[in-house]
Amino acid sequence: MKLLKCVVRPNALEKVKEALSALGVMGMTVSEVKGYGRQKGHKEVYRGAEYNIDFIPKLEIEIVVGEEIAERAIDAVKEAANTGNIGDGKIFVVPVDEVIRIRTGEMGDSAI
Amino acid sequence: MRFSSHSLAESGIGSNTRSRLGLIILGLAFWLIPDAARADGLDSGDTAWMLTSTALVLFMTIPGLSLFYCGLVRSKNVLSVLMQCFALTSMMTLIWILWGYSLAFDQTGMEAGVVNLHSFVGGFDKALLHGVGIDSLTGTVPETVFVTFQMTFFIITPALIAGAFAERMKFSAMLLFMALWATIVYAPICHMAWSGDGAFFWDKGVLDFAGGTVVHINAGIAALVTAILIGKRRGYPETVIPPHNLVLTVIGACMLWVGWFGFNAGSALAANGAAGMAMLVTQVATASAALAWMVVEWVKHGKPSVLGIVTGAVAGLVAITPASGSVGPLGAIVIGLASGCLCFWGATTIKRKLGYDDSLDAFGVHGIGGIVGALLTGVFAAESLGGMGLADGMTIGSQLMAQIVGVAFTIVYCGVLSFIILKVVDGLVGLRVAEDEEDRGLDISLHNEQGYYSEV
């Protein structure tokens, strides 16, 4: 099993969600996050005081998938979140030891 | 408030033969007719408008100014600002009743053209509202309404100062400072401007219809002194200290704009032509200043901002305040444009050059806007410039001189006494919270609460 942590533009959420649903990914966790990478921040001005804001708002979508669809899920996110411009985000792929469904105690693939 | 001189005169402080004659006739009439008919001096239309105005001006502080200010601070200090405004509203109410109204409006010992102690401050004859009953009148409205109307000015002035020391002042020190300041600075300046014949500014012919000097310059100068004495917020200006919720700020600014009709048009103390003109010029000057700030910012920083346009509107409201009984719509446009541009300069360039941390620009907007308005009142009151006309024997030059005297006296008096009061309060309780309290935010460290509670 793999955990995909996908940091994407906020407006990419709908497309990513649709693409993953089409693959049969049944759930996800979304967080509002801020960060910076190669994309530059922006300027904010309050009564003449100019601030350079480095941290840019992004969404982090976390999904856990079985080994057999991990590659396709990564491709789906890559395609859905891609605009070709700096700031499209990143996908971190992390191995997952175990998944447990709290209600039933099920473990492994059937708990995803 | 200048236009109220006639009505005040009729109520007992006659300055010219005509009003003395009127007083005698009124007195005779009151003596001859039965109690039930004595309500004749009361005008129900005027009273209805003054009741409404009073509610509008209170609405300017709570919730108007409270929201305007609280959106500008960081989320960890949002409650501290709301708390300051609310507590000041309550405390000023009691001080006004106990001795404030008397120090401001008691007319004992005043004589037209004579400068004595009572030209500067009232006595204690009206302390605890002595003599103010259901039948007492101020002009054509019940004195109870006049007391409450003026009370709302007494409330908003210290609340305006709170913008200068936001995010770092001890709550106890704030209360102590404001109680002393309202008594020693506000009440005397209010007395000098509005208490009638014999009052220092009044006799000099200083025009301050609704409080450019009494409220705004006074608050602005006290704000500047406080900002300098208390010092900068930790991290200012290197770190980012952006407003946490401009939506609240815009809502508050809108409430200020609407409430200001009570402030300015209510200062006619009557539902008459002066009130109508005051309402019109208030609207015009505010719109002009909002657009002026927007355009200046657009040119200088590349984009027009919401915070900019609403701050400009407040600058215009401030500047038209002293002028709203004296100028016409054309004067209002010039006053609005001038205040929009000059307050922008005050809240941005001057503040940064001089290095003080006036957190929410109480001086930049109220101090500068008040001075611009007070001086231009002297110019645009002239009939030739579309104003309501100058008093007999006054020229634009002499009126401008009178305005300069009013402004300069207020700056010096307020500046020196604010400084002394702050030093005393600092010695007694300390002005500033501890560094770790400031870092955690005043909501938690001073009030044990947070504005935006999180389950996590």
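Has the range B:194-208 got at least one residue that is surrounded by 24 or more Cβ atoms within 10 Å (Cβ to Cβ), farther than 22 Å from B:Leu67 by Cα and of a type in the set (Asp, Glu)? Checked against the condition, which is being surrounded by 24 or more Cβ atoms within 10 Å (Cβ to Cβ), farther than 22 Å from B:Leu67 by Cα and of a type in the set (Asp, Glu), the range B:194-208 yields at least one hit.
Is one or more of the residues making up the range B:297-306 part of a helix (DSSP H, G or I), away from chain A (no Cβ under 14 Å) and touching a Gly at 6+ places or on another chain (Cβ under 6 Å)?
Just the residues of the range B:297-306 that are part of a helix (DSSP H, G or I), to begin with: B:297-301, B:306.
Add one more test, that the residue is away from chain A (no Cβ under 14 Å), and what stays is none.
No, the range B:297-306 has no match at all.
On the basis of being among the hydrophobic types (A, V, I, L, M, F, W, C) and closer than 30 Å to B:Leu117 by Cβ, does B:Val299 make the cut? In short, no. For the range B:353-381, which residues satisfy the criterion of being touching a Ser or Thr at 6+ places or on another chain (Cβ under 8 Å) and more than 11 Å from chain A (Cβ to nearest Cβ)? Selection gives B:Ile368, B:Gly369, B:Gly370, B:Val372, B:Gly373, B:Ala374, B:Thr377, B:Phe380, B:Ala381. For the range A:19-31, which residues satisfy the criterion of being away from every other protein chain (no Cβ under 14 Å) and either assigned to a strand (DSSP E or B) or touching a residue at least 24 places away in the same chain (Cβ under 8 Å) (or both)? The answer is A:Ala19, A:Leu20, A:Ala22, A:Leu23, A:Gly24, A:Val25, A:Met26, A:Gly27, A:Met28, A:Thr29, A:Val30. Reported count of residues in the range A:78-112, each being closer than 17 Å to A:Lys58 by Cβ and in contact (Cβ under 8 Å) with a residue 60 or more places away in the chain, is 9.
Rundown of residues vs (1) of a type outside the set (S, T, N, Q); (2) at pLDDT 95 or above; (3) surrounded by 18 or more Cβ atoms within 10 Å (Cβ to Cβ), yes/no style:
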site	(1), (2), (3)
B:Ala55	yes, yes, no
B:Leu58	yes, yes, yes
B:Leu94	yes, yes, no
B:Ser102	no, yes, yes
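Taking the range A:37-83 as the region of interest, how many residues are assigned to a strand (DSSP E or B) and within 11 Å of chain B (Cβ to nearest Cβ)?
First pass over the range A:37-83, keeping only residues assigned to a strand (DSSP E or B): A:42-46, A:49-53, A:56-65.
The next check asks that each one be within 11 Å of chain B (Cβ to nearest Cβ); those that pass are A:43-46, A:49-53.
Within the range A:37-83, residues that are assigned to a strand (DSSP E or B) and within 11 Å of chain B (Cβ to nearest Cβ) number 9.
Apart from one condition, B:Thr377 fits all of (1) in contact (Cβ under 8 Å) with a residue 60 or more places away in the chain; (2) within 18 Å of B:Gln84 (Cα to Cα); the exception is (2). Here B:Ile350 qualifies as more than 22 Å from the chain's Cα centre (by Cα) and within 14 Å of chain A (Cβ to nearest Cβ). Checked against (1) in a strand (DSSP E or B); (2) more than 14 Å from every other protein chain (Cβ to nearest Cβ), A:Lys34 meets all criteria but (2).
Kindly indicate whether A:Val45 is under 17 Å from the mean Cα position of the chain (by Cα) and surrounded by 12 or more Cβ atoms within 10 Å (Cβ to Cβ).
Here the answer is no, as A:Val45 does not meet what is asked.
Does B:Thr282 fit the bill of being crowded, with 24+ Cβ neighbours inside 10 Å, more than 14 Å from chain A (Cβ to nearest Cβ) and touching a helix residue (DSSP H, G or I) at 6+ places or on another chain (Cβ under 8 Å)? Against the criterion (crowded, with 24+ Cβ neighbours inside 10 Å, more than 14 Å from chain A (Cβ to nearest Cβ) and touching a helix residue (DSSP H, G or I) at 6+ places or on another chain (Cβ under 8 Å)), B:Thr282 qualifies. Screening B:Ala112, B:Ala87 for residues that are surrounded by fewer than 17 Cβ atoms within 10 Å (Cβ to Cβ), closer than 25 Å to B:Tyr452 by Cα and of a type outside the set (S, T, N, Q) leaves exactly one candidate, B:Ala87.
Would you pick out the residues in the range B:227-249 that are within 26 Å of B:Ala287 (Cα to Cα), within 13 Å of another protein chain (Cβ to nearest Cβ) and of a type in the set (A, V, I, L, M)? If the condition is that a residue be within 26 Å of B:Ala287 (Cα to Cα), within 13 Å of another protein chain (Cβ to nearest Cβ) and of a type in the set (A, V, I, L, M), then B:Leu246 is the only one that fits. Taking the conditions (1) of a type outside the set (Gly, Ala, Ser); (2) more than 12 Å from the chain's Cα centre (by Cα); (3) more than 30 Å from B:Glu297 (Cα to Cα) in turn, A:Val33 satisfies each one other than (2).
The residues of the range B:262-276 that are within 20 Å of B:Ile333 (Cα to Cα), buried (at least 23 other Cβ atoms within 10 Å of the Cβ) and among the hydrophobic types (A, V, I, L, M, F, W, C), listed by number, are B:Phe263, B:Ala265, B:Ala275. Scanning the range B:319-347 for residues that are part of a helix (DSSP H, G or I) and away from chain A (no Cβ under 14 Å) yields a count of 13. Just a yes or no: is a residue in the range B:142-160 in contact with a Cys (Cβ under 8 Å, 6 or more places away or on another chain), within 21 Å of B:Phe419 (Cβ to Cβ) and outside any helix (DSSP H, G or I)? No, the range B:142-160 has no match at all. Assessment of the range B:235-244 against the conditions (hydrophobic (A, V, I, L, M, F, W, C), assigned to a loop (DSSP other than H, G, I, E, B) and within 30 Å of B:Gly451 (Cα to Cα)) yields at least one matching residue. In the set (1) crowded, with 24+ Cβ neighbours inside 10 Å; (2) assigned to a helix (DSSP H, G or I); (3) within 11 Å of another protein chain (Cβ to nearest Cβ), the condition left unmet by B:Gly316 is number (3). Any residue at all in the range B:174-189 that's under 18 Å from B:Ala402 (Cβ atoms) and in a helix (DSSP H, G or I)? Yes; the residues of the range B:174-189 include at least one that is under 18 Å from B:Ala402 (Cβ atoms) and in a helix (DSSP H, G or I).
The values are calculated or read from the model by the stated rules, or taken from the named source; none is laboratory data. All figures in this text were calculated on a predicted structure; none of them were measured in a lab. With ideal geometry, Cβ positions are generated from the backbone for all residues, glycine too; neighbour counts draw on all protein chains shown.
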